[in-house]
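**Q** Here it is: the structure, laid out below.
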Amino acid sequence: MTRLSTRFSLPSVLSAFAVAVALLAGSSPRVASAALVVPPVFTAPIQATGLTETWTINGWQGSVPNHITSVTVTFPAGFVIPNNPTVTVTANALACTVRTAARTDQSVVIAVTGTCETSAAVGRQSITIAGVTNPTAAGTIAAAGFTLATNVDSETAASAGVTIWGITTNPTVCTTSAGVSTAEVTFVSTGGGVAANTGSGRAAALQVTLSAGSFRWTPFFTGTLGTIDTAGVTATTAAASVAAGVSSGSSLAVGLGLSGATVVTVTLRVTPATGGTSVLLGSREVTFTDSTCVAPATTPRPPSGTAGTFSGGTIAASGVSIVSFSGTTAQLDTAGAAAKVTSVSATASGRMLTFVVGAPSFVNADFNAAFPIGLSSTLVIVKT
């Protein structure tokens with residue numbers, strides 16, 4: 001009987017191991033590629049405070065062998081995202097479509113289907129998310145709050161911060177020339193930075209409306225915030241188009257004439273590019289008597305060289321106190337900090353406005369605009 005040997009030589013074992021390694025090396029492991037997501041760009045047509053818009057996120061790139069099945073887009077706190085947003089994807093002629101989309105906290109999780117990647121070099125794909133409401137506070141939001149990720153790549157922050165702009169209004173200016181009296185109301189944008197307003201829908205998005213009465217003649221528009229749309233003028237409303245880039249300090253001056261004796265409120269509203277509810281950005285009262293513009297009462301300028309001072313009472317160590325203040329808003333900030341005051345409230349044109357001590361200028365934009373030359377023995381409510 002022949003005996004079969006069970007001994008194996010070391011060279012034969014090494015050879016078998018080498019063959020196994022070679023076979024494994026021949027397979028195609030799925031490794032996430034850092035090239036799938038590049039720093040995304042977040043934009044909306046108008047980017048005004050409180051406006052509900054369709055946001056475009058540009059920055060997802062397909063690549064094989066990784067199969068993309070989901071994309072997650074995240075907005076920072078302050079944005080309001082609908083529970084079941086309408087989402088589309090433009091995949092550069094690839095057969096990639098949205099299957100489902102749902103909100104999770106500040107993120108939109110999007111399931112995609114089809115061929116969403118390619119071995120060829122392709123440009124960025126864009127995702128649009130409808131129904132997103134912008135924050136109500138103007139300002140530039142850090143890029144780190146806006147992110148994009150796929151199921152095969154890590155999360156990547158936006159390439160630049162996003163500016164949401166708001167409006168403050170300057171006091172009415174009255175002018176009479178050659179017997180014609182006009183009022184001019186200037187709306188000034190706040191927020192800092194530049195809002196990259198893109199796409200269609202900016203035309204006639206700004207609406208200047210009178211609360212009563214009517215324009216005696218077509219109002220004129222000047223400034224860098226927008227330009228008049230002559231086709232959008234009616235007896236009580238005029239339209240303007242939003243500029244392609246709105247920076248802090250962009251203005252829209254509206255000159256108007258009214259007949260008879262009347263007080264009107266001139267309001268500036270903005271309408272989303274896709275239609276729907278408009279948002280009030282700013283307003284200012286205008287008074288005419290016998291077709292003559294009446295300049296608004298102004299606060300006397302505080303004496304030059306004097307420091308801002310609280311008077312007429314004692315500021316409590318904690319809680320709320322009612323006192324008077326004289327000085328500019330810059331002096332109010334200094335005096336408030338010295339008195340350990342956190343906020344100061346005062347009434348202007350029937351509105352209660354609050355100045356936050358130590359806050360950035362855009363936070364106090366409305367208060368500063370209401371008191372452009374400062375306060376003079378103005379009754380204020382201070383909080384410590």
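**Q** Go through region 224-243 and report how many residues are surrounded by fewer than 18 Cβ atoms within 10 Å (Cβ to Cβ) and under 24 Å from Ala138 (Cα atoms).
**A** Residues meeting the conditions: 2.
**Q** Moving on. Residues in region 306-318: is at least one on the phi < 0 side of the Ramachandran plot, crowded, with 18+ Cβ neighbours inside 10 Å, modelled with pLDDT of 85 or more and part of a strand (DSSP E or B)?
**A** Looking through region 306-318, at least one residue is on the phi < 0 side of the Ramachandran plot, crowded, with 18+ Cβ neighbours inside 10 Å, modelled with pLDDT of 85 or more and part of a strand (DSSP E or B).
**Q** Still on this structure: Anything in region 167-186 that is more than 18 Å from Arg351 (Cα to Cα) and in contact (Cβ under 8 Å) with a residue 40 or more places away in the chain? List them, or say none.
**A** Result: Val173, Cys174, Thr175, Thr176, Val180, Ser181, Thr182, Ala183, Glu184, Thr186.
**Q** Moving on to the next point. Among the numbered criteria (1) under 30 Å from Ser247 (Cβ atoms); (2) of a type in the set (A, V, I, L, M, F, W, C); (3) in a loop (DSSP other than H, G, I, E, B), which one does Ile68 miss?
**A** The one condition Ile68 does not meet is (1).
**Q** Go through region 276-305 and give me each residue that's over 19 Å from Thr136 (Cβ atoms), at pLDDT 75 or above and not aromatic (Phe, Trp, Tyr).
**A** Answer for region 276-305, where residues must be over 19 Å from Thr136 (Cβ atoms), at pLDDT 75 or above and not aromatic (Phe, Trp, Tyr): Arg284, Glu285, Val286, Thr287, Thr289, Asp290, Ser291, Thr292, Cys293, Val294, Ala295, Pro296.
**Q** Among Val112, Val80, which is of a type in the set (A, V, I, L, M) and over 24 Å from Ser200 (Cβ atoms)?
**A** Val112
**Q** So, of the residues in region 38-77 that are more than 18 Å from Ala203 (Cα to Cα) and aliphatic (A, V, I, L, M), which turns out to be modelled with the lowest pLDDT?
**A** The residue in question is Val64.
**Q** Here's something else I'd like to know. Would you be able to tell me the number of residues in region 203-214 that are surrounded by 20 or more Cβ atoms within 10 Å (Cβ to Cβ) and part of a loop (DSSP other than H, G, I, E, B)?
**A** 1
**Q** Checking Asp333 against (1) closer than 26 Å to Gly192 by Cα; (2) out of contact with any Ser or Thr (no Cβ under 8 Å at 6 or more places or on another chain); (3) surrounded by fewer than 15 Cβ atoms within 10 Å (Cβ to Cβ), only one condition comes out false. Which one?
**A** (3)
**Q** Considering each of Val254, Val246, Val266 in turn, give the residue that is buried (at least 21 other Cβ atoms within 10 Å of the Cβ) and in contact with a Pro (Cβ under 6 Å, 6 or more places away or on another chain).
**A** Just one listed residue meets the conditions, Val254.
**Q** Can you tell me how many residues within region 138-161 are part of a loop (DSSP other than H, G, I, E, B) and closer than 19 Å to Thr43 by Cβ?
**A** Of the residues in region 138-161, 7 are part of a loop (DSSP other than H, G, I, E, B) and closer than 19 Å to Thr43 by Cβ.
**Q** In this structure, does Thr128 turn out to be under 23 Å from Glu53 (Cβ atoms), outside the structural domain of Ser250 (by TED's automatic domain parsing) and in a strand (DSSP E or B)?
**A** So Thr128 passes the test.
For every residue, the table says whether it meets (1) surrounded by fewer than 20 Cβ atoms within 10 Å (Cβ to Cβ); (2) touching a strand residue (DSSP E or B) at 6+ places or on another chain (Cβ under 6 Å); (3) part of a loop (DSSP other than H, G, I, E, B).
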position	(1), (2), (3)
Thr136	yes, no, yes
Thr163	no, yes, no
Ser181	yes, yes, no
Ser189	no, yes, no
Ala195	no, yes, no
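**Q** Condition check: at negative phi and in a strand (DSSP E or B). Does Ser119 satisfy that?
**A** no
**Q** Same structure, new question: Are any residues in region 212-270 within 27 Å of the chain's Cα centre (by Cα) and of a type in the set (Lys, Arg), and if so, which ones?
**A** Arg269
**Q** When both residues are 6+ apart or on different chains and their Cβ atoms are under 8 Å apart, which pairs have a first residue that lies in region 137-160 and is under 11 Å from Val71 (Cα atoms) and not assigned by TED's automatic domain parsing to the domain that holds Gly192, and a second that is among the acidic types (Asp, Glu) and assigned to a strand (DSSP E or B)?
**A** Filtered contacts from region 137-160: Thr147/Glu155; Leu148/Glu155; Ala149/Glu155.
**Q** Scan region 101-112 and tell me whether some residue there is loosely packed, with under 14 Cβ neighbours inside 10 Å, in contact (Cβ under 8 Å) with a residue 12 or more places away in the chain and over 16 Å from Trp55 (Cα atoms).
**A** The answer is no, given that none of the residues of region 101-112 is loosely packed, with under 14 Cβ neighbours inside 10 Å, in contact (Cβ under 8 Å) with a residue 12 or more places away in the chain and over 16 Å from Trp55 (Cα atoms).
The values are calculated or read from the model by the stated rules, or taken from the named source; none is laboratory data. These numbers were taken from a predicted model, which means no experiment stands behind them. Glycine gets a Cβ as well: all are built from the backbone with ideal geometry, and neighbour counts include every protein chain shown.
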